[in-house]
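Below is one structure, written out as structure tokens; comments come after it.
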Amino acid sequence: MSIAAWDALIPELSRRWRVVRCDFRGQLRTGGPFPRSLDEHARDVIDLMDLLGIETAHWLGVSFGAEVAMVAAALHGHRVRRLTVITATERTDARMRRDAAEGRALAERAAAGGEGGAKLFRQIFTQTWSDRWLARQPADFLESRIRQVAALPPEFFAGSAAILAILEDLDLTPILGRITAPTLVIGGAEDRMFPPEHSRAIADLIPGATLEIVDGTGHGLLFERADRVLELLA
């Protein structure tokens, strides 16, 4: 949940484009107060574009960032030249909403100084990467990552709780048909968090969208197959 997720793509992307990354309010590098809606997050990015003098841009988003990008394209379409949606969902189903509610409660507990951070990220990480990719990592990879993020300050967990709260009732199906920007939807065939049928639903709802499901990858597609993402963007 930070701009570091894009590190592997930046050298190649920046050869051809000006690249701007930002953490949303509630992520690692940006504090609160925390937005209560996806539109507020989209407005933050548009405000950043205004500050930098950027009228339109290609928007690329992964997971929660992709939800924000779709809202921006639907409600502020004149600012979105092209849209790339990676490992996202058109709405949260009952299982996703239950996971978000449980995660929010754990994040709130960690924000208040209690335990919960490690359990929260164990829940998230077990849904992030494909078994195939995990098998190639060091034996203690997951536990090492969990220890790292569990040590983050309480403010980070307060922001995480605010982000997870938005997922508890997310439904973009009424607005996706408004998107006019050329759109590429990329899903992971083994995504356990937002399974590939949700990528297909997004592509069906956005007029003229192109769909690509990447075999052998999970929700962490950007980490697992940065090379394939770059090929698709090119």
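What to note about this one:
- For first residues located in the stretch 129-152 and over 20 Å from V62 (Cα atoms), partners that are among the aliphatic types (A, V, I, L, M) and lie 6+ apart or on another chain with Cβ distances below 6 Å form the pairs I146/A118; A150/A118.
- Neighbours by Cβ (under 8 Å, 6+ apart or cross-chain): first from the stretch 97-108, closer than 17 Å to V149 by Cβ; second assigned to a helix (DSSP H, G or I) and of a type in the set (V, I, T): G103/I124
- Filter result for A66 (buried (at least 16 other Cβ atoms within 10 Å of the Cβ), over 14 Å from the mean Cα position of the chain (by Cα) and among the aliphatic types (A, V, I, L, M)): no
- Hits in the stretch 10-28 - residues which are surrounded by 12 or more Cβ atoms within 10 Å (Cβ to Cβ) and not acidic (D, E): I10, L13, V19, V20, R21, C22, F24, R25, G26, Q27, L28
- Residue match in the stretch 50-60 (condition: at pLDDT 95 or above, in a helix (DSSP H, G or I), closer than 22 Å to P174 by Cα and within 20 Å of the chain's Cα centre (by Cα)): no
- From the list A181, A203, the lone residue that is at pLDDT 95 or above, part of a helix (DSSP H, G or I) and not polar (S, T, N, Q) is A203.
- Residues that are closer than 21 Å to G188 by Cβ and either assigned to a helix (DSSP H, G or I) or among the charged types (D, E, K, R) (or both) within the stretch 61-81 comprise F64, G65, A66, E67, V68, A69, M70, listed in sequence order.
- Test for T217: is it β-branched (V, I, T), outside any helix (DSSP H, G or I) and surrounded by fewer than 19 Cβ atoms within 10 Å (Cβ to Cβ): no
The values are calculated or read from the model by the stated rules, or taken from the named source; none is laboratory data. Just so it is clear, the structure is predicted and the values come from calculations on it, not from any experiment. Positions of Cβ are generated from backbone atoms using ideal geometry, with glycine treated the same way; all protein chains shown enter the neighbour counts.
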